[in-house]
1. List the relative contact order of segment 126-219 as a percent without decimals, with contacts defined as Cα pairs under 8 Å and 6+ residues apart.
2. In the chain, how many lysine pairs have Cα atoms under 14 Å apart, counting only pairs 8 or more places apart or on different chains?
3. How high is the relative contact order of segment 219-294, given as a whole-number percent (alpha carbon pairs under 8 Å, six or more residues apart)?
4. Rounded to the nearest 5, what % of DSSP beta bridges with both residues in segment 18-246 are antiparallel?
5. List the residues, sorted by chain then number, that are 5 or more residues from Leu199 or on another chain and whose placed amide H is less than 5 Å from its amide H.
6. Would you please give the residues with an amide H less than 5 Å from that of Ile171, counting only those at least 5 places away or on a separate chain, with H modeled from the backbone geometry?
7. In deg cm²/dmol, rounded to 500, what helix-only [θ] at 222 nm does the chain give when every DSSP H run of at least 4 residues adds -39500 (n - 2.57) and the total is split over its residues?
8. In Å², what does the accessible area per residue of the chain work out to with a 1.4 Å probe?
Amino acid sequence: MIIESTAYPIEIDFPDILPYKVGNTGVDWITTFDSGTAGPHVMISALVHGNEPCGAVALDWLFKQEVRPVRGKLSFAFMNVAAYNAFDRNDPTASRYLDQDFNRVWQSASLDGPEVTRELERAREVRPVIESVDYLLDLHSMQHKNPPLMLAGDQEKGRALAKQVADPEWIICDSGHAEGKRLRDYDGFSEPSSPKAALLLEAGQHWEAAAGPRAIAASIRFLRATECVPADFGEAFLEEQQPLVPQKTIEIVAPVTVQSENFRFNEDYRGMEVIAKQGTVLAMDGDTPVVTPHDNCVLIMPSRRLQVGKTAVRLGKLLD
Ligand SMILES: [Zn+2]
């Protein structure tokens, strides 16, 4: 069965971010606040994907709170603003990116290579700021209406930071995509020897109303966990949100990368399905069956962009 493109309503308001264009870093759309005292450089980033407005909602809220770091530095960054500005309500998935996925270019071969795309140019522009960041929270959303996920990478330090943030319920430990590295995996963020760490929040479906408040709540908790703000920062906002629940951790065993022009899921998977039996056929990739590698296999973010070389779905194992 071929996955039909599902129309989700656009419930979320796209904030006007123009006031944040000229920051103070010399790089448009990035603003850094310096406490003047020693401490880590903490960043929250939004709009790595242009059609995921929840991150812009969260940064707009944080700017309006006039939050300032009590130690170290705090940066707010809007990444692919050109794609955000290209958003079209009649074709809302088209503006994920303009030329290529901004969240697959974070390796030297791309950043230092000869290729020129609008996303690579922007990545090269923000790269020096990114390289000075110690703790990153990158705000995203998903194609399907799934519970929010925190993607913590494949290092223990990412998982530990996700547990300190304590929100949302689901922590996903993964090493990303065969197609290219994500911002959250760049450089020190995924090196075991570096103290740097990064998290990627998937706050829900791209345009669901709940994604904005979830991104704000996770941002508040991230800023508290990194001790960038006073321990009671954002308390009034959090009191209005869902209470925290015990977290569950899923380790990604294998990303399924599309190999043929004819990849078809056997069911209309939406994500977070738990498949009880090892060896269950999930999809056909040409003539090759894609099967569950173990019992109680969790399907993470099945994609509707079933193109050769792209991730079709990621398979996970429940750890705790
Ligand atoms: Zn995204």
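1. Result for segment 126-219 is 41 percent.
2. Qualifying lysine pairs in the chain: 5.
3. Across segment 219-294, relative contact order equals 20 percent.
4. Counting DSSP beta bridges with both partners in segment 18-246, the antiparallel share is about 30 percent.
5. Leu136, Leu137, Asp138
6. Long-range HN contacts for Ile171: Met150, Lys248, Thr249, Ile250.
7. That calculation yields -5500 deg cm²/dmol at 222 nm.
8. That works out to 42 Å² for each residue.
The values are calculated or read from the model by the stated rules, or taken from the named source; none is laboratory data. Since this is a predicted model, take the numbers as computed values, not measurements. No Cβ is skipped: glycine too gets one built from the backbone with ideal geometry, and neighbour counts run over all protein chains shown. The accessibility values were calculated without ligands, DNA or RNA, using every heavy atom of the protein model including side chains. Shrake-Rupley method; radii C 1.70, N 1.55, O 1.52, S 1.80 Å.
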